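The values are calculated or read from the model by the stated rules, or taken from the named source; none is laboratory data. Source: prediction; values computed, not measured. Neighbour counts are summed over all protein chains in view; Cβ atoms, including those assigned to glycine, are modelled from backbone coordinates with ideal geometry. Accessible surface is based on the protein model in full, side chains and every heavy atom, while ligands, DNA and RNA are left aside. Shrake-Rupley method; radii C 1.70, N 1.55, O 1.52, S 1.80 Å.
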Amino acid sequence: MKTDQSLAQLTPEATIGQIINANTEAGELLASIGLSVSEHESETLRSVCQQQQWSEVEVLKWVKKHTNGTNGNTMTQPSETSLSNITGLSNWTEYLEREFVKPNQSLLEELHQSFPRVLKIHGNQYTWLKDTKWHFEQFQENLEMYFEFEQRTFFPLVEQLSSTKKKSLNHGVVQKLNNSFGIIQRDQDRLKRQMNTIREKDNGFNNPANACSTLRIQNKNFTLLFDKLEQQFQIEADHLLPKIKKKLQAQK
């Protein structure tokens, strides 16, 4: 097998070294679920997973999904320099939609699908999964509502503000935007509390020594989602909301 193959072309028969050569971030992902990359570099993914009693198909599918360019660049935190290059409110909403909302929706859907399966298999063994179930369901419902509010109400209002000439903005739009600030703050505070509760209930997303690949991937997906969601909240608080308020002030 050629070492210059893309990650998408690789199968479980690829060695860990070949996977890393195809995409260095894949190595970070494998390490994040407990695979010692340096110790197994010459072994195939199938062989390593069989030793660990993991599903090599599941692991490779997850790695492919979460490397750069396939799921919103989940491993990278935006720099202040890159954020400073974003100009215009419409560009901000497009950026947040592309880099945060959609990837976070994808992560939430993965967790929605994996959690019942992990709970069914390991609920009696790891009782904290049962303790987490209700909190995760409430968090999922609230986060879905948050995304729906942003995509269907808040972002379109921001688009209207962005495209409206000075002092010609409809009073109703101004009122709805002002009301939106309180809704966003309230929802973010609630979601942050729920994330803290889930982290605590779920043992800080630390993997038991003999955890299967499904549980390990689920814990990493929780970490990815929570980290990326907190980044989204911070960017909205530090950049988008102040720019909207400044634009509204200029409309007076």
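Given the -39500 (n - 2.57) contribution per DSSP H run of 4+ residues, what per-residue ellipticity at 222 nm results for the chain, rounded to the nearest 500 deg cm²/dmol?
The helix contribution divided over the chain gives -21000 deg cm²/dmol.
At a Förster radius of 25 Å, what calculated FRET efficiency corresponds to the Cβ-Cβ distance of His171 and Phe149, to the nearest 0.05?
On the way: r = 21 Å, r/R0 = 0.84.
The formula returns an efficiency of 0.75 here.
In whole Å, what is the distance between the alpha-carbon centres of the range 226-251 and the range 133-204?
The two parts, judged by their Cα centres, are 11 Å apart.
Please report the carbon-and-sulfur percent of the accessible area for the chain; probe 1.4 Å, protein heavy atoms only, DNA, RNA and ligands left out.
Working: 5930 of 12910 Å².
Whole-percent figure for carbon plus sulfur exposure: 46.
After finding the eigenvalues of the alpha carbon gyration tensor for the chain, what semi-axes result from the square roots of 5 times each, listed largest first in whole Å?
40, 23, 12
Can you tell me which of 16-22, 42-48 comes out highest on packing, and rank the rest after it, using the mean Cβ neighbours within 10 Å?
16-22, 42-48
Ranked highest first by average number of other Cβ atoms within 10 Å, how do 205-213, 138-146 line up?
Most protected by this proxy first, the peptides run 138-146, 205-213.
Ignoring ligands, DNA and RNA, what accessible area per residue does the chain give at 1.4 Å, in Å²?
Numbers: 12910 Å² over 252 residues.
Normalised by residue count, the accessible surface of the chain is 51 Å².
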